[in-house]
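Visitor: Provided herewith is a single structure, encoded as structure tokens, for subsequent inquiry.
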Number of protein chains: 4
Amino acid sequence: MASKLDNALEMIAAAKKVAEEIGTPMVISVVDEGGNMVASQRMDDALLVSVDIALNKAYTALAVKVPTEALATACAPGAELYGLNTTDNCRVVIFGGGIPLVQDGKVVGGVGVSGGSVAQDVQCAEAAAKKFEELIGA
Amino acid sequence: MASKLDNALEMIAAAKKVAEEIGTPMVISVVDEGGNMVASQRMDDALLVSVDIALNKAYTALAVKVPTEALATACAPGAELYGLNTTDNCRVVIFGGGIPLVQDGKVVGGVGVSGGSVAQDVQCAEAAAKKFEELIGA
Amino acid sequence: MASKLDNALEMIAAAKKVAEEIGTPMVISVVDEGGNMVASQRMDDALLVSVDIALNKAYTALAVKVPTEALATACAPGAELYGLNTTDNCRVVIFGGGIPLVQDGKVVGGVGVSGGSVAQDVQCAEAAAKKFEELIGA
Amino acid sequence: MASKLDNALEMIAAAKKVAEEIGTPMVISVVDEGGNMVASQRMDDALLVSVDIALNKAYTALAVKVPTEALATACAPGAELYGLNTTDNCRVVIFGGGIPLVQDGKVVGGVGVSGGSVAQDVQCAEAAAKKFEELIGA
């Protein structure tokens, strides 16, 4: 059985492949079921701000159990969770690019991507999440 | 006379009972009049983000002396307290689920619940606050 | 099978019983295998500083995989890990009262106690750890 | 010319190889000349505390321009830099396992390893630093 780290590296490779295709350097991070970092990589010339954002998107997806893009609407002014992004020591990221990793119906980790437009970040994160599903045979 | 801790544990038990009835695992926290934790419990499979949020809802209710749901409107863009949630080291939570504990007309603590929808969090927090009133014979 | 939270509450009860016997109010905290809080309780009149210390003793025991009392010597001036206590956002506590929880040879959590002398803290933490072994049938 | 990220991944692979040989799971991190993370990996079962320490050893080696093991003596009570470890938001690690990366006489990055004894951490970090020298043809 592949290690958690090997799986994370394959997921990151899948996201990087998409990032290279679209020509935008990204930071890609994976956390485990406890919210702790397994692996993180910053592609050359990726935005420095993305080091924190990618990791915290991964954390948020795990800690809230939804893709981070689902939070944008829920946290808008007037919506139910307005203000969520300043909780938990500001680790909660409320725009797209973080996806929970689900195995046997349980959230067991998260992947986060940052560096491009939100749509690009989501596209790369989805490639990583798809790779995870392949790796666990889902 | 029951200890503060025993009272907090009974309040948490009351909130947990509701959480079990509605089938959503919660984190429930109680703070005293100094804003310091008395007790906190994370039900199995509760969102990790809720560990911080439940405690800070309890803190906010005590520190601002209103239920946290009252802050959503007051902190909306254009409203009087816009930006409150980023003060006090971002411990201020501005959506529902935190309730101040009142004894003899004085705020003496707070209870906070996180893990479900805001309505569910409020429902659990109210069960805890009601238990507090029973315990002090109010 | 008992829930993680129920186990933590039984561990805390075991530590509290010892704390009451020796007449010193304590804070007792339990974290899971990801280092996240499961439950924490502050006995009436326990030192406020202990809220942070108990939780971080539990975290340290999990994160370093040794009882925290083993770190005192290792972190003394001139010793190998001098300076360890200021790493990891100062969450590393290097005096006794934190014990890793071991199941099937793997560290799956930690318990931390603070409020008395180090010897008293250790005594209470050991009662909690012993309860954990009973609960898992070790 | 290889990318910074590719170089970092080769350095981490070299450190991991040594970690596997000595049978101790490690966290290995690389930062660039700005002190920002390029890549970080946590081997399965590595100490959670090492996530922060490995990154900050890499940062410290870059930021102070010496191997972190050189700081232990300099920061001892009575020595010139006593207290250095609590500066810079406690990012300064003063025991071995962080090594500056030097190119053309200039410090251009740092590598940090944490998870074993200090001697083991240093051994792995040296393997990474040696790989860096190979990669730049030094």
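The values are calculated or read from the model by the stated rules, or taken from the named source; none is laboratory data. Quantities reported herein were computed from a predicted structural model and do not represent experimental measurements. We place every Cβ from the backbone using ideal geometry, glycine too, and count neighbours over all the protein chains shown. Please note that ligands, DNA and RNA were not included when accessible areas were found on the heavy atoms of the full protein model with its side chains. Shrake-Rupley method; radii C 1.70, N 1.55, O 1.52, S 1.80 Å.
Visitor: Pairs needed: first member in region C:1-26, open to solvent by 60 Å² or more (accessible area, probe 1.4 Å); second member anywhere, modelled with pLDDT under 95; C-beta distance under 9 Å; at least 6 residues apart or different chains.
Guide: The qualifying pairs are C:Glu10/C:Ala2.
Visitor: Okay, moving on. I'm checking my understanding of the structure. Among residues of region B:46-77 that are in contact (Cβ under 8 Å) with a residue 12 or more places away in the chain, over 23 Å from A:Tyr59 (Cα atoms) and of a type outside the set (A, V, I, L, M), which one is most open to solvent (accessible area, probe 1.4 Å)?
Guide: B:Lys65
Visitor: For A:Ile136, all conditions in the list (1) under 29 Å from B:Lys57 (Cα atoms); (2) among the aliphatic types (A, V, I, L, M); (3) open to solvent by 40 Å² or more (accessible area, probe 1.4 Å) hold save one; what is the number of the exception?
Guide: Status for A:Ile136: all satisfied but (1).
Visitor: Okay, next question. Quickly run through region A:91-138 and pick out the residues that are touching a residue at least 40 places away in the same chain (Cβ under 8 Å), more than 22 Å from A:Ser50 (Cα to Cα) and of a type in the set (S, T, N, Q).
Guide: None - no residue of region A:91-138 is touching a residue at least 40 places away in the same chain (Cβ under 8 Å), more than 22 Å from A:Ser50 (Cα to Cα) and of a type in the set (S, T, N, Q), so the list stays empty.
Visitor: Do you know which of the residues in region C:78-99 that are open to solvent by 20 Å² or more (accessible area, probe 1.4 Å) and more than 11 Å from chain D (Cβ to nearest Cβ) is farthest from D:Glu69 (Cα to Cα)?
Guide: Only one residue tops the list, namely C:Ile99.
Visitor: If I go through region A:5-31 residue by residue, how many of them are closer than 16 Å to D:Met37 by Cα and among the polar types (S, T, N, Q)?
Guide: 1
Visitor: Determine which single condition D:Ala13 fails, assuming it passes every other condition in (1) farther than 28 Å from C:Ala79 by Cβ; (2) within 14 Å of chain C (Cβ to nearest Cβ); (3) among the small types (Gly, Ala, Ser).
Guide: Every condition holds for D:Ala13 apart from (2).
Visitor: Related question: Are any residues in region D:93-130 assigned to a strand (DSSP E or B) and over 23 Å from D:Ala76 (Cβ atoms), and if so, which ones?
Guide: Answer for region D:93-130, where residues must be assigned to a strand (DSSP E or B) and over 23 Å from D:Ala76 (Cβ atoms): D:Leu101, D:Val102, D:Gln103, D:Lys106, D:Val107, D:Val108, D:Gly109, D:Val111.
Visitor: Moving to a separate point now. Are any residues in region D:49-71 β-branched (Val, Ile, Thr) and within 12 Å of D:Met37 (Cβ to Cβ), and if so, which ones?
Guide: D:Val51
Visitor: Exactly one condition in (1) at pLDDT 95 or above; (2) over 16 Å from the mean Cα position of the chain (by Cα); (3) part of a helix (DSSP H, G or I) is false for B:Ala61; which is it?
Guide: Only one criterion is unmet by B:Ala61, namely (2).
Visitor: What's the number of the only condition in (1) within 11 Å of another protein chain (Cβ to nearest Cβ); (2) modelled with pLDDT of 95 or more; (3) in a helix (DSSP H, G or I) that B:Val31 fails to meet?
Guide: (3)
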